[in-house]
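Enquirer: Pasting a structure here, questions to come.
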Amino acid sequence: MTSASLAPTSATEETRQSRQRAWVEVNTAAIQANVRALQRHIGPATQLMAVVKADAYGHGALPVARAVLEAGAACFGVATLAEGVQLRRAGISSPVLVLGNLTQPEELRSCLRWQLMPTLSSMREALLCQNLASGSGRTMAVQLKLDTGMARLGADWQEGPRLVAALRGMEALDLAGIYSHLACADAAPEEDDGLSDLQQRRFESVLSSLNEQGLTAGCRHLANSAGTLRGHRQHFDLVRVGLALYGQPPAPHLAGVVSLRPALQIHARVTLLRQVGAGVGVSYGHRFRTSRPSLLAVVSIGYADGVPRQLSNRMDVLFDGRRLPQVGAITMDQLVIDATEAPRIEVGSLVTLLGDQGGESISPLDWSERCGTIPWEILCGFKHRLPRLAVPPESEAATEP
């Protein structure tokens, strides 16, 4: 290896290298448009929390966080302590709620140091926070979570008034909020068994009891993306928006409530073209055989990048404004498409796996329905060997033939 090979590359060269194989393209302008559309929907009395856990659902936590702040998001939700610290290290000072349960003193001490709000599900964590904050001479902001029907994190909702009273008596703690999480808000109307309404009534009964006792619990919030789109009754002081922030409706029946712009596209390049005859087996196990003389294109992306192997022989890619079927088993680093109907394709051509091209569109929901999963899992599945790139200027947009 020569010294020249170790020379730093320019930002332009780094971007060019990142676009040689496969990559995730993220449109932060679309995310900002989604924030503004959601804010119009919820109205000025309700704030928007941007949920940026899991690396902002695969979109890149730091660029997304900066973009949503510019668009007017009030605060952030993360799942882990490390995700919250990442925001702080990047200079982001807005309120951050850690949605996961932190149970160890060192974790809660880090929350105090980095001014992150832990979620409390029991008096155990509350007492730990009180002791840590009191010993440091500082006040620690916390939020109380109630289980109103999810049977996951949170204290039993009937215990809400008692816990709020106890927290209000801890002088080193600042109870900044009280919240719960909806289990079935994305259910279609014909499948709705009333659980979301029941959870709302339970949450409201706690709030009513607090009001009768003259107790306050800070910011009140219940709605996730689906609850935000269902209607205004579940909005309260704040909504926690994840999937919708990234332009994806949490259920088909909620798709038209707010005009959302998908913010992520997946692109990859053709690395080899092969003409084969009829009856040729393709990829591992020969799970596909050609029925005619065919032009096969090898594309440099696979399940190690986050393309589910379950999509083998069940997905399309977009090229030149048309859908081309994927054929054979999807492998770790490659997949094969039948490009017989695409005479303009060549080595180096770009194909779109998720996104829009020429009036055609493939969404995470399309993939999730074929895999028997949900769009959240699809978006969170793209590995970090796929570079995250900002949408280039219009003249360089990834729609080249």
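The values are calculated or read from the model by the stated rules, or taken from the named source; none is laboratory data. Note that the structure is predicted; figures quoted are calculated from it, not measured. Ideal geometry is used to build each Cβ from the backbone, glycine not excepted, and the neighbour counts take in all protein chains shown. Areas reflect the complete protein model, heavy atoms only, side chains present, ligands, DNA and RNA absent. Shrake-Rupley method; radii C 1.70, N 1.55, O 1.52, S 1.80 Å.
Enquirer: Criterion first (assigned to a loop (DSSP other than H, G, I, E, B) and in contact (Cβ under 8 Å) with a residue 24 or more places away in the chain) does Ala217 satisfy it?
Expert: yes
Enquirer: Listed residues Pro105, Pro161; which is of a type outside the set (A, V, I, L, M) and without any contact (Cβ under 8 Å) to a residue 40 or more places away in the chain?
Expert: Residue meeting the stated conditions: Pro105.
Enquirer: Answer yes or no as to whether Asp197 is open to solvent by 60 Å² or more (accessible area, probe 1.4 Å), more than 30 Å from Trp23 (Cα to Cα) and out of contact with any Pro (no Cβ under 9 Å at 6 or more places or on another chain).
Expert: no
Enquirer: Moving on. Is it the case that some residue within the stretch 178-190 is in contact with a strand residue (DSSP E or B) (Cβ under 6 Å, 6 or more places away or on another chain) and part of a strand (DSSP E or B)?
Expert: Yes, because at least one residue in the stretch 178-190 is in contact with a strand residue (DSSP E or B) (Cβ under 6 Å, 6 or more places away or on another chain) and part of a strand (DSSP E or B).
Enquirer: A further question follows. What single numbered condition from (1) more than 23 Å from Gly231 (Cα to Cα); (2) more than 27 Å from the chain's Cα centre (by Cα) fails to hold for Gly154?
Expert: Failed condition: (2).
Enquirer: Looking at the structure I just gave you, is Gly281 farther than 30 Å from Leu243 by Cβ and surrounded by fewer than 17 Cβ atoms within 10 Å (Cβ to Cβ)?
Expert: yes
Enquirer: Condition check: surrounded by 19 or more Cβ atoms within 10 Å (Cβ to Cβ) and under 17 Å from Ile374 (Cα atoms). Does Val241 satisfy that?
Expert: Criteria met by Val241.
Enquirer: When both residues are 6+ apart or on different chains and their Cβ atoms are under 6 Å apart, which pairs have a first residue that lies in the stretch 245-258 and is farther than 17 Å from Gly355 by Cβ and open to solvent by 50 Å² or more (accessible area, probe 1.4 Å), and a second that is in a helix (DSSP H, G or I) and modelled with pLDDT of 95 or more?
Expert: Pairs found: Val257/Leu229.
Enquirer: Specify which of the listed residues (Leu207, Leu195) is at pLDDT 95 or above, in contact with a strand residue (DSSP E or B) (Cβ under 9 Å, 6 or more places away or on another chain) and of a type in the set (A, V, I, L, M).
Expert: Only one candidate passes the filter, namely Leu207.
Enquirer: Which fully enclosed strands (runs of 3 or more DSSP E) of the stretch 288-401 have 3 or more residues being open to solvent by 50 Å² or more (accessible area, probe 1.4 Å)?
Expert: In the stretch 288-401, the matching strands (runs of 3 or more DSSP E) lie at 322-327.
Enquirer: Give the residues of the stretch 224-238 that are open to solvent by less than 10 Å² (accessible area, probe 1.4 Å) and within 21 Å of Ala141 (Cα to Cα), sorted by residue number.
Expert: If the condition is that a residue be open to solvent by less than 10 Å² (accessible area, probe 1.4 Å) and within 21 Å of Ala141 (Cα to Cα), then Leu238 is the only one that fits.
Enquirer: Moving on. Would you mind finding the one in Thr352, Thr340, Thr373 that is more than 18 Å from Leu264 (Cα to Cα) and touching a Leu at 6+ places or on another chain (Cβ under 9 Å)?
Expert: Sole residue among the options that is more than 18 Å from Leu264 (Cα to Cα) and touching a Leu at 6+ places or on another chain (Cβ under 9 Å): Thr340.
Enquirer: Here's another thing I want to ask about it. Scan the stretch 145-161 for residues that are part of a strand (DSSP E or B) and among the hydrophobic types (A, V, I, L, M, F, W, C) and jot them down.
Expert: Residues satisfying the conditions are Leu146, Ala155.
Enquirer: I would also like to ask the following. Is at least one residue of the stretch 92-100 under 16 Å from the mean Cα position of the chain (by Cα) and open to solvent by 60 Å² or more (accessible area, probe 1.4 Å)?
Expert: Looking through the stretch 92-100, none of the residues is under 16 Å from the mean Cα position of the chain (by Cα) and open to solvent by 60 Å² or more (accessible area, probe 1.4 Å).
Enquirer: Considering only the stretch 158-178, state which residues are under 20 Å from Ala223 (Cα atoms) and crowded, with 19+ Cβ neighbours inside 10 Å.
Expert: Gly160, Leu175, Gly177, Ile178
Enquirer: Right, something else. Against the conditions (1) touching a Lys or Arg at 6+ places or on another chain (Cβ under 9 Å); (2) surrounded by fewer than 16 Cβ atoms within 10 Å (Cβ to Cβ); (3) closer than 24 Å to Ile374 by Cα; (4) not small (Gly, Ala, Ser), where does Thr148 fall short? Just the number, please.
Expert: Just one mismatch for Thr148, condition (2).
Enquirer: Go through the residues of the stretch 390-399 one by one and say whether even a single one is at pLDDT 95 or above and polar (S, T, N, Q).
Expert: There is no residue in the stretch 390-399 that is at pLDDT 95 or above and polar (S, T, N, Q).
Enquirer: Return the total of residues in the stretch 162-177 being outside any strand (DSSP E or B), closer than 15 Å to Met140 by Cα and of a type in the set (D, E, K, R).
Expert: The number of residues fulfilling the criteria is 2.
Enquirer: Please note which strands (runs of 3 or more DSSP E) are completely contained in the stretch 1-106 and include at least 3 residues that are at pLDDT below 95.
Expert: Answer list for the stretch 1-106: none.
Enquirer: Report whether or not Glu204 is charged (D, E, K, R), surrounded by 14 or more Cβ atoms within 10 Å (Cβ to Cβ) and farther than 22 Å from Thr103 by Cβ.
Expert: Answer is yes for this residue.
Enquirer: Give the number of residues within the stretch 123-144 that are surrounded by fewer than 17 Cβ atoms within 10 Å (Cβ to Cβ) and outside any helix (DSSP H, G or I).
Expert: Here the count works out to 3.
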